[in-house]
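Right, one structure below, let's go through it.
What follows is calculated from the coordinates using simple rules that are stated; it is not laboratory data. These numbers were taken from a predicted model, which means no experiment stands behind them. Methodologically, a virtual Cβ is constructed for each residue, glycine included, from the backbone with ideal geometry; neighbour enumeration extends over all protein chains shown.
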């Protein structure tokens, strides 16, 4: 006898209000359909896959139990939010993920009322959720705030700072610790699920509250002993003593893929009079998709892929990635210099430090999501005579700016900052763009700031940084592959603050800093074709400036254009300040600065992003032509 076909549930769900109309026994089917939809969508767009697959059941349970969007759900980092987006009215756009004009790969306030707080950096969720919870409390409004934070994000001090201040939120704050690395809890099973349901139940909490009231009338030594006995007993069973010390009532661990265990616990937590509460959920990255489960990185970030085979459609061949050039160069340099060591903050493969670590495991340090600690740790190494390289993405180094200033620059310690993902980063958008490092570093006394024009220059700058012991030094390089220039067998020691002329002309001078050098050369070809003889200088240094070279070009050219992959306040501002101080603009010289626009650029194809910013060859040419037309108009007006 044929079984009747199962009616799809996901097609009937557009918002969590509709999800909450389902019976509990239907949630398993919905979660299975949701997982299939995530896999199919990311297969066509690329993006973060493993983390989203790991929270399918958790996402379903949270929206089923809590009253979102009245209750505020905040995802830490946000890269696991694809299932959340599908369940909150965005399924029809889910195949526009990370594409120009499409959905963000992270939570975004302007995208949906179900995204109350935008995120793409780690460890912010508890602080933000606490803010929502306290605001509701102060205004006398109902509503809870639920923060979902991964065990990796718990390596950052900010998470504990927030928890240490959370007691005032009471039961309005729920923190769900998504432990997908088994780094805290032992394997979970039926007993732990039973204990979690027991200690989160209203009856248990009521008895516990009664016991606490009774304990308060005891003499202080007995009061303390009673409190510690309760915490110790539950800590022995479930590992929650640390969180209890921070003021949280701990529940868990719970199997995050078992909806029959998860939903009742969340319902108990929702209805609890006591709080704040931390629910410890154990999940598996890549859950339900064999290629992801079997992959070393659980398909954390993927290109478009074949859903059947899991094969990713990555381009093969081509120039090496900048991060690999850095990692290989540093590993080679460390063979003859035992003082060289490398620090990264949870991004060993993204920064190339993994390649260094394979050759020098005892001199490689992954400090976790703790950029502040990483920078000061590097400062301590430098103060003791080591040559530390602190390899951190530009956007993440922002988190450690006080340490860069206070612990490194003021003390003039020779920490080497290898700044990956400098410039625009395409699909990851403004939260991951390396837009500000030139500005925030070049403003500091004692800081040397370099930018690699190509992969060969990166080799030279890594070597130069290794040899520089006079103070802090930074060098930046972009995401992705190089431009295809041969890598030097022997690195060159660059003279600090000196650039190079890569093309000599007479009328227009393009002062390039960093990886827009190739576009500057293309622009020079186009300008030469128009009869405008063009010089291209690779300045190499944003600080100190090559003032001798810049002054010479300003005195001998009619138009000077600076080009950088950074925000206002960087190279262009420093060049203009120098020109003003030296009176170099008095003779009618036209100076134009090309930089990133003063906006947060949304995710898109990188080429389109640079086109919109005017930082491609055509943008450079247009800027030169407009400057010359303006100059000609001024001359004609004077003659008239």
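Structure summary
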quantity: Rounded to 5, the percent of DSSP beta bridges in the stretch 322-476 classed as antiparallel; calculated: 5
quantity: Footprinting exposure proxy for 81, 430 (fewest neighbouring C-beta atoms within 10 Å first); calculated: 430, 81
quantity: Most to least packed among 52-64, 283-295 [average Cβ atoms within 10 Å]; calculated: 52-64, 283-295
quantity: Overall Cα dimensions of the stretch 291-372, principal axis frame, Å, largest first; calculated: 48, 31, 21
quantity: Surface/4 estimate of mean projected area, convex hull on alpha-carbon atoms of the stretch 531-601, nm²; calculated: 5.5
quantity: Contact order normalised by residue count of the stretch 500-639, Cα under 8 Å, 6+ apart, percent; calculated: 26
quantity: Helix-only CD estimate at 222 nm, as mean residue ellipticity for the chain, using -39500 (n - 2.57) per DSSP H run (n ≥ 4); calculated: -12000 deg cm²/dmol
quantity: P(r) histogram, all alpha-carbon pairs of the stretch 500-639 included - 10 Å bins from 0, percent; calculated: 12, 44, 34, 9, 1
quantity: Kirkwood-Stokes translational diffusion coefficient of the chain, alpha-carbon pairs, 25 °C, 0.890 mPa s, µm²/s; calculated: 91
quantity: Length-normalised contact order of the chain in % [C-alpha pairs under 8 Å, at least 6 apart]; calculated: 11
quantity: Semi-axes of the equivalent ellipsoid for the stretch 1-137, Cα gyration tensor, largest first, Å; calculated: 26, 19, 12
quantity: Principal-axis tilt of helix 125-139 within the chain, Cα atoms, nearest 10 degrees; calculated: 60
quantity: Beta bridge orientation in the stretch 500-639: antiparallel %, DSSP, nearest 5; calculated: 15
quantity: Normalised convex hull volume, the stretch 322-476, alpha-carbon set, Å³ per residue; calculated: 95
quantity: Peptides ranked, highest mean first, by Cβ atoms within 10 Å: ranges 598-605, 455-462, 28-35, 141-148; calculated: 455-462, 141-148, 28-35, 598-605
quantity: With Cα atoms, 0 to 90° folded angle of helix 571-582 axis to the chain main axis; calculated: 40
quantity: DSSP-defined beta bridges in the chain - what % are antiparallel, rounded to 5; calculated: 15
quantity: Folded to 0 to 90 degrees: helix 517-529 orientation relative to the chain principal axis, Cα; calculated: 40
